[in-house]
Ligand code: SF4
């Protein structure tokens, strides 16, 4: 992504989304339903607070020993027969996946849902190299047919209503008759995907948690497509970010209790897959070979910062975006990059760089709704403020790629003047007096007011300060 394009796109796309009543209605309806279902799952405030403290503790403990746990994960996976690969960048990860597929002579791939492979733009890469990858999660399948990216990390086609899906299926699925019946639409997708499962040479999936203690890959889902993708083809490639590691098997249940309840308001997902090895002699199903690709792509840099490293606790439940007043109005595609909503505003500038996505931390009201519902207690608003600071701080810490890219001389001068004003009572009095006299003469289009006045009325400066009024009324002496 061109840095300037990435930077400019959010604002422009937000305006388009806000003027699209259909899109806003689709999101509003879906998000209201998700918020209600989640609230019903966590009706006991005491239980919620205790459980999320435990979830946060599990994730924080794993991140505190990340390098050691990754080594342990590799050792135990290898002992189990899972081949482990390390990728520093998305380009490396793509090349590793392609190399594994080519070595196995695989040309047709079936995919389970995976946001990391979205981050890698893996489908396009494989297609350019002559390998067809079919998404098997229903939502992912729909947006693949539409040629779009996910607009939500759990429900990728949440931006579409059933009429749009009915039209899409009638257009793209051979022999499909137009119907708005949801059961018939699901059956049509299932019928089309059966052939893709049966003919796949390899399955690719994401990973929800990777357990270092046992070398186990945990994958949760509702449709059974994840289990089919990882057991039916002779080759399974799991791809994940390095932060998904957990120390022990006993760390999984608290997170399994938090994730589906936060994500979709379900007590638990329909399927919980735990993959610890390829097919063993005598077993009736499972792939002959399992590979695990561990992707860094800037995560080590995020991890190195004691404050921003909390971002990596994320378990990708999407509760923050379901409750975000910005995301629910502009939708996921506005964010341009893979991860939308509050977690995207945190993660994207850190992975891609503040010079590329430095506007995203500003797309927040800092209302703290995201932090209140985050099941692993990520202090999202605090970290957004930190990123805003890094974006304008000249010579910013190297922990944030592109730090200082939004620094401007006029803004620095403005804040220096502000400091001067507030540091000296005399300067403050003179300054407020001058603003009271002359501030209202400033035109609404003045550069220093333009960002505010483009969407709001010009602020009106009071002719007298509060101190002066209080003095006149005899409430204070000076
Ligand atoms: S930041 Fe918290 S609420 Fe948002 S997706 Fe991650 S875990 Fe869920």
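Bear in mind these aren't lab numbers, they're just calculated from the coordinates by the rules spelled out. Note that this is a predicted model, so its numbers are computed, not measured. Here the Cβ positions follow ideal geometry from the backbone for every residue, glycine too, while neighbour counts run over all protein chains shown.
Annotations
- Debye-formula intensities of the chain, expressed as log10 I(q)/I(0) at q = 0.10 Å⁻¹, are -0.81 (one equal scatterer per alpha-carbon, no solvent).
- For the peptides 337-345, 182-190, the ranking by packing is 337-345, 182-190, with the highest mean count of neighbouring Cβ atoms within 10 Å listed first.
- Tilt relative to the chain, helix 45-64 - C-alpha long axis, 0 to 90 degrees, to 10: 80
- Ranked by the mean number of other Cβ atoms within 10 Å per residue, highest first, peptides 442-451, 144-153, 367-376 order as 367-376, 144-153, 442-451.
- Global form of segment 1-152, assessed from the alpha-carbon gyration tensor, a/c cut-off 1.5: oblate
- Inter-centroid distance (Cα atoms) of segment 401-436 relative to segment 237-255, Å: 47
- Sorted fewest first by neighbouring Cβ atoms within 10 angstrom, 37, 162 come out as 162, 37.
- Cα long-axis angle, helix 380-392 against the chain (0 to 90 degrees, to the nearest 10): 70
- Gyration tensor over alpha-carbon atoms, segment 146-257, equivalent ellipsoid semi-axes in Å: 32, 17, 12
- Ranked by how many other beta carbons lie within 10 Å on average, peptides 43-51, 311-319, 122-130, 426-434 from highest: 311-319, 122-130, 426-434, 43-51
- Between the helical axis of 409-423 and the longest alpha-carbon principal axis of the chain there is an angle of about 50 degrees.
- Sum of -39500 (n - 2.57) over DSSP H runs of 4+, divided by residues of the chain (222 nm, nearest 500): -15500 deg cm²/dmol
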